[in-house]
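Peer 1: One structure, as structure tokens, below. Some questions next.
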Amino acid sequence: MEETDLAENLHRIQEDIISISSRSGMSHRSVVLVAVTKMRSLEEIRFLLKAGHRVFGENKVQEAQDKWLGLRKDYPDLCLHLIGRLQTNKVRRAVTFFDVIETVDRPKLADALAHEMQLQSRWPDCLIQVNTGGEPQKSGIQLDDVDSFIIACQNIWKLPVKGLMCIPPAEVEPTIHFSLLQKIATRHNLTQLSMGMSNDFVLAIPLGATYVRIGTALFQKKKNCHQT
Ligand SMILES: *Cc1c(COP(=O)(O)O)cnc(C)c1O
């Protein structure tokens, strides 16, 4: 993608985030754009960095390391989020590499993360991924288990749990999922909510999103004037 198009998209989305926040009375909470760069080229990533963006999401440990390891040195203020499923055999590298791990979703993973964070004395922020739609094929702790899992992450594993993340089922109205996530966070005093993607961040912000994860809308080519 062209540098100017990317910078334009970035600024437009950031303006949208600000105007939706203030329109919905959420301007007291900051909403951070997590630019999702999975499968995007290094060149495109550099354009976003040049435009001043610093918060990015990747869904695979290996791909993230391949692309970002070199850039970390040039941009010490980077904030990298892991937004994809984390296998326990990649926990070591994930703890070394990421600043936020959004996908803590099962006891075995929580246990491995706790162990590794102790070893490395490095504590990336953790979000707990909740399977709000109860979809069997999807990651995320099930609703029946979410309260006990959050408490165990805090009290047993002592993970730095900052909030929750969800990916609503495709093809459904996402707002009930967003408000459900907000309710769970409120009853555990958790302040960060990662919810909303290209198609639905407009709905997630009024329901309390503090991170929106956006890929497609950021990398969309400019529509020509005849389309709406
Ligand atoms: C790819 C991805 C996104 C970005 O989705 P878009 O619809 O492209 O904005 C957000 N969250 C997760 C977990 C993803 O894997």
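The values are calculated or read from the model by the stated rules, or taken from the named source; none is laboratory data. Remember, predicted model here, so these are calculated numbers, not experimental data. FYI the Cβ positions are ideal-geometry reconstructions off the backbone, even for glycines, and counts take in every protein chain you see. SASA here: full protein model, heavy atoms, side chains in, ligands and nucleic acids out. Shrake-Rupley method; radii C 1.70, N 1.55, O 1.52, S 1.80 Å.
Peer 1: Normalising by the residue count of segment 76-152, find the relative contact order in percent from Cα pairs under 8 Å and 6+ residues apart.
Peer 2: Relative contact order here is 27 percent.
Peer 1: Summing +1 for each Lys or Arg and -1 for each Asp or Glu, what net charge is found among the other residues whose Cβ lies under 13 Å from the Cβ of VAL212?
Peer 2: Around VAL212, the surrounding residues sum to -1.
Peer 1: How big is the gap, in Å, between the Cα center of segment 101-166 and the Cα center of segment 191-222?
Peer 2: Between the Cα centres of segment 101-166 and segment 191-222 lies a distance of 21 Å.
Peer 1: Relative contact order of segment 90-228, please, whole-number percent, based on alpha carbon pairs below 8 angstrom and at least 6 residues apart.
Peer 2: 18 percent
Peer 1: Still on this model: Give me the three principal axis extents of segment 54-157 from the C-alpha atoms, as integers in angstrom, largest value leading.
Peer 2: 44, 28, 23
Peer 1: So what is the 222 nm mean residue ellipticity for the chain from helices alone, if each DSSP H run of at least 4 adds -39500 (n - 2.57) and you divide by all residues, rounding to the nearest 500 deg cm²/dmol?
Peer 2: Per the formula, -13000 deg cm²/dmol.
Peer 1: Can you check what the net charge comes to around SER194, using other residues whose Cβ is under 10 Å from the Cβ of SER194 (Lys, Arg +1; Asp, Glu -1)?
Peer 2: Taking every other residue near SER194 into account, the sum is +1.
Peer 1: Give me the percent relative contact order of segment 1-83, please, defined on Cα pairs under 8 angstrom at least 6 residues apart.
Peer 2: Relative contact order of segment 1-83: 29 percent.
Peer 1: Fully extended, how many nm does the chain gain between GLU15 and ARG93 (0.36 nm per residue separation, minus their Cα-Cα distance)?
Peer 2: Answer, rounded to one decimal: 24.6 nm.
Peer 1: At 1.4 Å probe size, put ARG54, ARG23, ARG213 in order of accessible surface, largest to smallest.
Peer 2: From most exposed to least exposed: ARG23, ARG54, ARG213.
Peer 1: OK, next. Which value, in debye to the nearest 20, describes the size of the charge dipole of the chain about its Cα centre when Lys and Arg Cβ atoms bear +1, Asp and Glu Cβ atoms bear -1, and nothing else is charged?
Peer 2: Magnitude of the dipole: close to 380 debye.
Peer 1: Please compute the modelled spin-label separation between GLU173 and GLN220, points set 7 Å along Cα→Cβ, answer in nm with one decimal.
Peer 2: 2.2 nm
Peer 1: Taking the Cα centre of segment 1-117 as the origin and placing charges on Cβ (Lys, Arg +1; Asp, Glu -1), which of HIS115, PHE97, HIS11 is farthest toward the positive end of the dipole?
Peer 2: HIS115
Peer 1: If Rh is defined by the Kirkwood formula over all Cα pairs and Rg also comes from Cα, what ratio Rg/Rh do you get for segment 50-112?
Peer 2: Across segment 50-112, the Cα-based Rg/Rh ratio is 0.99.
Peer 1: Sticking with this structure for a sec: How long is the gain from GLU43 to LEU69 if the chain were fully straight, where each residue apart is worth 0.36 nm and the alpha carbon distance is subtracted?
Peer 2: Using 0.36 nm per residue and subtracting the Cα-Cα distance, I get 7.9 nm.
Peer 1: Count charges around ALA112 for me, please; just the other residues with Cβ under 11 Å from its Cβ, Lys/Arg as +1, Asp/Glu as -1.
Peer 2: Counting the neighbours of ALA112, the net charge comes to +2.
Peer 1: Right, next: So what does MET26 come to for accessible area, using a 1.4 Å probe and Å² rounded to 10?
Peer 2: 30 Å²
Peer 1: Give me the extension gain from LYS158 to ASN199: residue separation times 0.36 nm, minus the current Cα-Cα distance, reported in nm with one decimal.
Peer 2: 11.3 nm
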